[in-house]
Each structure stands twice: as structure tokens, then as C-alpha cells.
Amino acid sequence: MAVKSAKMRELLRLYFIMGSANCSDNPEEVLRSAIKGGITLFQFREKGKGCFQGEEKLHLAKRLQSICRENHIPFIVNDDIELALEIDADGVHIGQEDEPASVVRKKIGNKILGVSAHNLGEAKKAIDEGADYLGIGPIYPTSTKEDAKAVQGLSFIRELKNANINIPIVGIGGITAENAAPIIGTRADGVSVITAISQADSPEASARMLYKAVHIEGNKQ
Ligand SMILES: C=C1C=NC(C(F)(F)F)=NC1=N
């Protein structure tokens, strides 16, 4: 389902990303807990050593998707376009190493299309090719992505805003309740989080603290 950018901005507020490799507990319980804490969007990112493949990945995706459906949280699939189409996900997120956004856009019709961008050229290209939002980062050092690019801090978000790039954007990389507010203060539309929620003793409590951090800051705009 394509979303107008105002709705996209709301969805990006607290964007939880997770796969089985990121969870100390049962992924379904982690997701239910995170939803109780107030996440606004979910991305299924089954990557890293020990991640599921094939049938197991499909079944986990379907179980997590049904939890999102019950709670009216859109379900985004990372990288795996075929899986997204097979389960009729609400959208996909692709990196620069994946197929070009223009090719993916043709495959997914008007589902949500998110693209990772690390510089102005990549951002403009993604916009031209029909992205609905950009993932910007890593904002802070991250332990999750082994091949993460250089830490950018808030500088690239500022550069996009100064270049009057107005597509919805979400920061990613090492984000916690303690460091989330400045990202919203730089007028990103939201923050995306893996470890701070998926490895928390209480994903619900962690999501709630993050939500407060981005919500309060957001109100100051
Ligand atoms: C590598 C990634 C970068 N950004 C995002 C998102 F936060 F969704 F934009 N998701 C990813 N999987």
C-alpha cells in the first residue's frame, strides 16, 4: 500500500527492525512486547549468522506478519523482494547493494519502498526512482551490521535538510532512548532500532522509553 508522505512520517516515528539473530528470546514474544511499548512500524530483517533461510524464514515471516496485522502495524521485509511478494507484505527496504530501486518499484507496485542512502547522490537517485522513505545512517556506532558504513552522526541528515530534500527519513545505527532525541531535533521523521529493543530485558519498556524520547522531542518542532 503506497502511503502519502504525511502517513509515512507518522509510521517512521519508532521503527523496530528485527530478525531471529537479534533476539535473545522468542522473536514472537519480543515483537508482541515491542508493539505493546508503542513501535509504529516493523521490518523483518532475517540476516547474520544463524539466520533462517527458505521454509523456516517463510514461516517466521508469516508468524511475525500476523502479529503485526493483529495490531495494525505495517510489515516491511528487508532485501527479500520475493518473500515480500509471496506474503503480501506492506513494503520492502533495500540497500545500495540490492537491485536498483526502479526495478524493485516495478515489482512491488505501490507497496512501501524504503531505501538506504549514505550520500546526496544516493538520496536523489532513490527519490527519482520512487522511494517512499530513506534510511540514513549509521548515526552512531552499531554492533548489529558488520559491514556498516562510516558513522555519520547527524551531519548527513543536516545536509539533506539543507539541500531541501523533503522525503520522509529515518535514522538508524546505535540508537537508544538516551541518544534518540537529537535525531528528531535534526528533523528526521523517526528512529529505527534493533538491539536497544530486541536485546532489552523488557522490549516493551525499552520501546516505551524510546517512544517518549522521540515523541517529546517531536512536539518541540
Ligand atoms: C540497512 C538498513 C538501513 N535503514 C533501514 C531503515 F531504518 F528501515 F530505513 N533499514 C535497514 N535494514
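The values are calculated or read from the model by the stated rules, or taken from the named source; none is laboratory data. Note that the structure is a prediction, hence the values are computed from the model and not measured. Positions of Cβ are generated from backbone atoms using ideal geometry, with glycine treated the same way; all protein chains shown enter the neighbour counts.
Couple of notes before you dig in:
- Residue check, residue 160 outside any loop (DSSP other than H, G, I, E, B), touching a residue at least 40 places away in the same chain (Cβ under 8 Å), under 23 Å from residue 4 (Cβ atoms) and in contact with a helix residue (DSSP H, G or I) (Cβ under 7 Å, 6 or more places away or on another chain): yes
- Residue count for the stretch 24-56, restricted to those that are surrounded by 15 or more Cβ atoms within 10 Å (Cβ to Cβ), outside any helix (DSSP H, G or I) and more than 16 Å from the ligand (Cβ to nearest atom): 2.
- Annotation note: Cβ proximity below 6 Å between a residue of the stretch 5-16 that is under 16 Å from residue 93 (Cα atoms) and a residue that is more than 15 Å from the ligand (Cβ to nearest atom) (sequence gap 6+ or interchain) occurs for 14/211.
- Those residues of the stretch 173-213 which are closer than 21 Å to residue 30 by Cα, β-branched (Val, Ile, Thr) and in a helix (DSSP H, G or I), in sequence order: 195, 197
- Selection count, the stretch 57-84, where residues are assigned to a helix (DSSP H, G or I) and touching a Cys at 6+ places or on another chain (Cβ under 9 Å): 1
- Failed condition for residue 121, given (1) within 12 Å of the ligand (Cβ to nearest atom); (2) modelled with pLDDT of 95 or more: (1)
- Residue count, the stretch 128-148 (criterion: surrounded by 15 or more Cβ atoms within 10 Å (Cβ to Cβ) and within 14 Å of the ligand (Cβ to nearest atom)): 14
- Close pairs from the stretch 102-118: first under 23 Å from residue 171 (Cα atoms) and among the small types (Gly, Ala, Ser), partner within 14 Å of the ligand (Cβ to nearest atom) and modelled with pLDDT under 95, Cβ under 7 Å, at least 6 apart: 116/96
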